[in-house]
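These notes are about the structure you will find just below.
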Amino acid sequence: MKWLLRFYRSSVGKKILMAVTGLVWVVFVIEHMAGNLLALKSPEAINRYAAFLKTSDEVLWTFRIGLFVALVVHVDSMVKLTALNWTSRPARYAKVSYQAASPAARTMRWGGVFLLLWLVYHILHFTTGHLHPDFSHTDVFNNVSVAFQSGGKVASYAAAMVALAFHLYHGVWSMFQTAGANHPHVEKPRRWLATAIAILIPVGFLTVPFAIFFGIIG
Amino acid sequence: MNLTLHVWRQAGPSEAGRLVTYDAPDVSPEMSFLEMLDVVNERLIERGQEPIAFDHDCREGICGSCSLVINGVPHGPRRGTATCQLHMRTFSDGDHIWIEPFRARAFPIVRDLIVDRSAFDRIIQTGGFIGVSTGSAPDANAIPIPKAVADRSMDAAACIGCGACVAACPNASAMLFTAAKISHLGLLPQGRPERTKRALAMVQRMDLEHFGGCTNYGECHTACPKEIPLETIALLNRDYLKASLVSRD
């Protein structure tokens, strides 16, 4: 296991771990977003889908634990790399001039921290129901249609989705670079893919809250 | 041209430094940036003041000695150009120019604008070489190397080890430098035998020297006077991942 420890201790190893665990979450948010869109079809469609996800406790918890472990590894690597990066450049320049770093790349860390805090809120809101005034474990459609009557809720979810868009725009592109995929064949496609994911996922997620708020569904 | 310079002055490694403002009158647009500093220094010496200390050697853009962060950009505003090859015509009359040293924990300041870049030498010592049989020179082209591979290797080999990548990176990461060496040697058959060991050893040394990690900002590539491609960093990542899995050490 010495090799694994050496890999984990290195800056490059931790970046690769971040890329892999990031990919796990990208796949999850794609699936989550696609599932949410069933709310546009009918309340029964999304409720049936939600019930299907909970068919087996074993499968449900395997996925939940898998996602949690991926998140812990992702955040742990981020904290350690950030500490390394901040101490590697103790003195700042009097004149700072970014030439290449995109706003998405520069907001990666704080955007990530915001998303993490928001995720805790989101789970308490829609998974456990602790922060929901009228929560039902079976009627998912009711949960969202009650929550998104409020403009404040819609705005807070929209803010989180903007953060997610930024995080995905740099993260998905970086994933390829960190995993070593920078062949000319993937050079342009990975930029397109990152842009497409960064736009389509947050837009897909926001469709339901806006549709409820404007009374199109619900 | 008349310019105003804001130059980082620091008497020694443990002394406190500060930005000092100097007037640079009658600067010729044909001067290189270092020649402009030479003229400023001559005036300082005439007035009995300490000249500004800065690194330089070949002044032809190939030795990697010159440095300087000019207006927040290592080697100044011209892409693919080292400070020594940067001419004053790039600037305009009346400009204020900020001149700071390369900043990184791994590059301690020696004096004024001079930093100690020997951390790079130590990275090279751990893996920036190939094993060869000594003796008479081998026949030219005895080992066939496709042109496309030789070109990629040569693109990476153009690295002059100046450290602009570290200076430009908000994390002071040495990934572009290390990746250039790993690509340059690993792509050629002569460098293959040590490829696994090299990736592990150079990355470990890079971390030990306390360079930061790569967050794919791309600042390094933009600042690089030899425009080393970012693709080399992907190759380093790939080599490191593979080496971690296959190495028996």
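Of the listed requirements (1) closer than 30 Å to A:VAL140 by Cβ; (2) of a type in the set (A, V, I, L, M); (3) surrounded by 12 or more Cβ atoms within 10 Å (Cβ to Cβ), A:ALA100 misses just one: (1). Every condition in (1) basic (Lys, Arg); (2) within 15 Å of the chain's Cα centre (by Cα); (3) farther than 23 Å from B:GLY64 by Cβ holds for B:LYS197 except the one numbered (2). The conditions of being at pLDDT below 95 and within 14 Å of chain B (Cβ to nearest Cβ) are met by A:LYS95. Considered as a group, the residues in the range B:1-34 that are free of Cβ contacts under 8 Å to residues at least 12 places away in the same chain and either of a type outside the set (S, T, N, Q) or touching a strand residue (DSSP E or B) at 6+ places or on another chain (Cβ under 9 Å) (or both) include one that is nearest to B:PRO101 (Cα to Cα), and that residue is B:ARG18.
Suppose the filter is touching a helix residue (DSSP H, G or I) at 6+ places or on another chain (Cβ under 9 Å) and either away from chain A (no Cβ under 13 Å) or aromatic (Phe, Trp, Tyr) (or both); does B:LYS181 pass it? Taking the combined requirement at face value, the residue satisfies it.
In the range A:114-123, the condition of being modelled with pLDDT of 95 or more and within 28 Å of B:ALA164 (Cβ to Cβ) is met by no residue. Among the residues making up the range B:93-144, those that are within 14 Å of chain A (Cβ to nearest Cβ) and touching a helix residue (DSSP H, G or I) at 6+ places or on another chain (Cβ under 7 Å) are B:PHE102, B:ARG103, B:ALA104, B:ARG105, B:ALA106, B:PHE107, B:ILE123, B:THR126, B:GLY127. Within the range B:214-239, restricting attention to residues that are touching a residue at least 60 places away in the same chain (Cβ under 8 Å) and polar (S, T, N, Q), the residue that is farthest from the other protein chains (Cβ to nearest Cβ) is B:THR232.
Annotation: of all residues in the range A:141-189 being assigned to a loop (DSSP other than H, G, I, E, B) and of a type in the set (S, T, N, Q), the one that is nearest to the other protein chains (Cβ to nearest Cβ) is A:ASN182.
Applying the criterion of being of a type in the set (Gly, Ala, Ser) and at the interface with chain B (Cβ under 10 Å from one of its Cβ atoms) to the residues of the range A:1-24, the residue that is surrounded by the most Cβ atoms within 10 Å (Cβ to Cβ) is A:SER11. Tell me, please, whether a residue that is of a type outside the set (Phe, Trp, Tyr), within 14 Å of chain B (Cβ to nearest Cβ) and assigned to a helix (DSSP H, G or I) can be found in the range A:123-140. Checking the range A:123-140: not a single residue is of a type outside the set (Phe, Trp, Tyr), within 14 Å of chain B (Cβ to nearest Cβ) and assigned to a helix (DSSP H, G or I). Taking the criterion of being farther than 19 Å from A:ARG191 by Cβ and either more than 14 Å from every other protein chain (Cβ to nearest Cβ) or of a type in the set (D, E, K, R) (or both), the residues of the range A:104-119 that qualify are A:ARG109, A:VAL113, A:PHE114, A:LEU115, A:LEU116, A:LEU117, A:TRP118, A:LEU119. Considering the range B:17-75, and only residues there that are surrounded by 14 or more Cβ atoms within 10 Å (Cβ to Cβ), polar (S, T, N, Q) and in a loop (DSSP other than H, G, I, E, B), the residue that is farthest from the other protein chains (Cβ to nearest Cβ) turns out to be B:SER65.
The values are calculated or read from the model by the stated rules, or taken from the named source; none is laboratory data. For clarity, every value in this text was computed on a predicted model and none was experimentally measured. Every residue, glycine as well, gets a Cβ built from its backbone with ideal geometry; the counts of neighbours run over all protein chains shown.
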